[in-house]
C-alpha cells in the first residue's frame, strides 16, 4: 500500500532518479568504496601484521580463518543486499510504511540467524578445520583466529543491517564514517595486540571483533537518535517479524545469500585443495584472495551503488536511465582493473612483499600474478551484471548465477585445470579467475532480453 511522504520521513532519503547519472553514481559509490575498503582492511591488516610477525604459518591462519568468516557472513551479505534493493524500490515508489516494517523485520530475523550460525560453528569447530585440510603448522593459530571471529558474528550482521537501511535510502556517507572509526581502531589494536603484546592470531582476531562491535554500536546509536527521520520508533513491538514483509525479503534474500555463499564456498573448497600442498601455497592463496578482495571492494561498491540506482529508477519507472547507469558502472570498473593490472605486472615482487617477508613464499609468488590480473577484470565486469540483476530484484536469475558462477564454473574449471590438466595450485587459481566472467555473460543476455522492465 502506498503512503504519502511526510516531511521527516524523507530527510534521510536521496533521490537517485533525477540528475546526472555519473555524478550521482560517483557521489554514492565513493563513500561505499572507502567504507568497503576500510571494512576489508580488517582482514588485510590482520594478514599483514600477523604475516610480518609470525610468518607463513600466521598468514595461512588468517587466510583460512578469513575465508571461513566470509562463508559465515553469506547470510548477512545476501539478505542485507536484498533489503537494500527492496528499500530502494519502496523509496522510489514512496511506500514509507513498508520501509518501517522492513527495518524491524530485518533486525530480528538476521540477528537471530547470526546467533544460530555462531553457536552451530562453535560446536563443530574442529571438524571445520579438518575439512579444510588446515596445515599442522598453522592449526593452532587458525583455531584461535576462527573461534574469536565467530564470537563477533552478530556484530557483522548488525552493521550490515544498518548499512542496508541507509544505503537503500541513498545514504552512503554514514556507513563510511561508522566503518572508518572501526577500521582505525582495528589497525591500532592489531599492532598493539600482535606486535607489542605477542598475542598472535588471537590478538589479530580480537582487534577485528572489537572494531566490528564498535562499528555496529555507533551505527545503531545514530539510527536511534534519528529514528523520526525514517519512521522507526525502536519500541519492542516494532521489531516484530512482519510475515508480509518477510516473504519478499526471503524471496530475494535467499538467492542473493546463496550467490554470496556459493562463491565463498567455492573458495573454501579450493583452499582445502591448496592446503594439501603445504603452508607456502596456503600463504600464496592468501595473497591471491586478498588482492582479489582489493578489486572486490571496488566492484562491490559500484554494484551496490548501481543496483540501488537501478532499484529506485525501476520503482519510479525511469527506464531510460538504466542503460546509462550500467554503462558508467562498466566503464569505471574496467578502467580501474586496467590500472591495477599494470601496477601488479610492473611491480609483482613489491605487491607480494606487502603481505609477507617470508622468503619461501616470495620465491613462488610469480605463479599467482596472471590469475590476479584475470581476477581484476572478472570483478570489474561483475559490477555491471549484478547492478541490473540485483537492482531489478530478479531472484530466479540470482539463483542461476549463484549456481553457475559460484559452484559449477569455479569448482569445475579449477578441478579441470588443477587435476585433469595437472596444473596443480596454479590451475586452481586460473579456474577461479576465469569463472569470474560468468555473471557478465548471463547479465548481458538478461539486459538484452528487456525483461528487467517487468520487475
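The values are calculated or read from the model by the stated rules, or taken from the named source; none is laboratory data. Keep in mind the model is a prediction, meaning the values are calculated, not measured. A quick note on method: Cβ atoms are made from the backbone with ideal geometry, for glycine too, and the neighbour counts reach across all protein chains shown.
Tabulated data for the structure shown
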item	result
Residue, surrounded by the most Cβ atoms within 10 Å (Cβ to Cβ), within the range 381-429, restricted to residues that are free of Cβ contacts under 8 Å to residues at least 40 places away in the same chain, within 30 Å of residue 323 (Cα to Cα) and touching a helix residue (DSSP H, G or I) at 6+ places or on another chain (Cβ under 6 Å)	409
Count of the range 122-152 residues which are more than 25 Å from residue 274 (Cβ to Cβ) and either surrounded by 20 or more Cβ atoms within 10 Å (Cβ to Cβ) or without any contact (Cβ under 8 Å) to a residue 12 or more places away in the chain (or both)	2
Residue match in the range 248-259 (condition: over 19 Å from residue 175 (Cβ atoms) and part of a loop (DSSP other than H, G, I, E, B))	no
Single unsatisfied condition, residue 209 versus (1) buried (at least 20 other Cβ atoms within 10 Å of the Cβ); (2) more than 27 Å from the chain's Cα centre (by Cα)	(2)
Residue match in the range 87-97 (condition: more than 15 Å from the chain's Cα centre (by Cα), outside any helix (DSSP H, G or I), touching a residue at least 40 places away in the same chain (Cβ under 8 Å) and under 30 Å from residue 288 (Cα atoms))	no
Qualifying position, being surrounded by fewer than 23 Cβ atoms within 10 Å (Cβ to Cβ) and under 18 Å from residue 394 (Cβ atoms), among 297, 322	322
Failed condition for residue 393, given (1) closer than 27 Å to residue 58 by Cα; (2) under 25 Å from the mean Cα position of the chain (by Cα); (3) not in a helix (DSSP H, G or I)	(1)
Answer residue from the range 1-26, given it is modelled with pLDDT of 75 or more and buried (at least 19 other Cβ atoms within 10 Å of the Cβ) and is nearest to residue 141 (Cα to Cα) among those	25
Residues of the range 379-424 satisfying the condition of being at pLDDT 90 or above and on the phi > 0 side of the Ramachandran plot	422, 424
Residue match in the range 99-121 (condition: touching a residue at least 12 places away in the same chain (Cβ under 8 Å), buried (at least 20 other Cβ atoms within 10 Å of the Cβ) and in a loop (DSSP other than H, G, I, E, B))	no
Test result for residue 78, farther than 16 Å from residue 271 by Cβ, modelled with pLDDT of 90 or more and part of a helix (DSSP H, G or I)	no
Pairs where the first residue, in the range 166-185, is at positive phi and at pLDDT below 85 and the second is surrounded by fewer than 24 Cβ atoms within 10 Å (Cβ to Cβ) and not in a helix (DSSP H, G or I), C-beta under 9 Å, 6+ apart	170/12; 170/13; 170/14; 170/15
Test: residue in the range 168-181 that is closer than 16 Å to residue 45 by Cα and surrounded by fewer than 22 Cβ atoms within 10 Å (Cβ to Cβ)	yes
Residue check for residue 195: touching a residue at least 60 places away in the same chain (Cβ under 8 Å), surrounded by fewer than 17 Cβ atoms within 10 Å (Cβ to Cβ) and either in contact with a strand residue (DSSP E or B) (Cβ under 6 Å, 6 or more places away or on another chain) or assigned to a helix (DSSP H, G or I) (or both)	yes
Any helices (runs of 4 or more DSSP H) falling wholly within the range 306-388 and containing at least 1 residues that are under 30 Å from residue 95 (Cβ atoms) and under 22 Å from the mean Cα position of the chain (by Cα)	322-346
Residue match in the range 49-57 (condition: more than 20 Å from the chain's Cα centre (by Cα), under 30 Å from residue 308 (Cα atoms) and surrounded by fewer than 23 Cβ atoms within 10 Å (Cβ to Cβ))	no
Test set (1) modelled with pLDDT of 85 or more; (2) over 30 Å from residue 58 (Cβ atoms) - residue 255 fails condition number	(1)
Options 361, 368, 329, 344; residue that is surrounded by 24 or more Cβ atoms within 10 Å (Cβ to Cβ), closer than 22 Å to residue 59 by Cβ and either touching a strand residue (DSSP E or B) at 6+ places or on another chain (Cβ under 9 Å) or modelled with pLDDT of 90 or more (or both)	368
The range 253-268, residues that are over 28 Å from residue 86 (Cα atoms) and surrounded by fewer than 20 Cβ atoms within 10 Å (Cβ to Cβ)	268
Qualifying residue in the range 27-45 (condition: surrounded by fewer than 22 Cβ atoms within 10 Å (Cβ to Cβ), touching a helix residue (DSSP H, G or I) at 6+ places or on another chain (Cβ under 6 Å), farther than 29 Å from residue 190 by Cα and modelled with pLDDT of 80 or more)	no
Meets criteria (touching a residue at least 60 places away in the same chain (Cβ under 8 Å), in a loop (DSSP other than H, G, I, E, B) and more than 21 Å from the chain's Cα centre (by Cα)) for residue 277	yes
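Quick grid of which residues meet (1) in contact with a strand residue (DSSP E or B) (Cβ under 8 Å, 6 or more places away or on another chain); (2) part of a helix (DSSP H, G or I); (3) closer than 30 Å to residue 94 by Cβ:
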residue	(1), (2), (3)
160	no, yes, yes
164	no, yes, yes
177	no, yes, yes
188	no, yes, no
203	no, yes, no
213	no, yes, no
219	no, yes, yes
233	no, no, yes
244	no, yes, yes
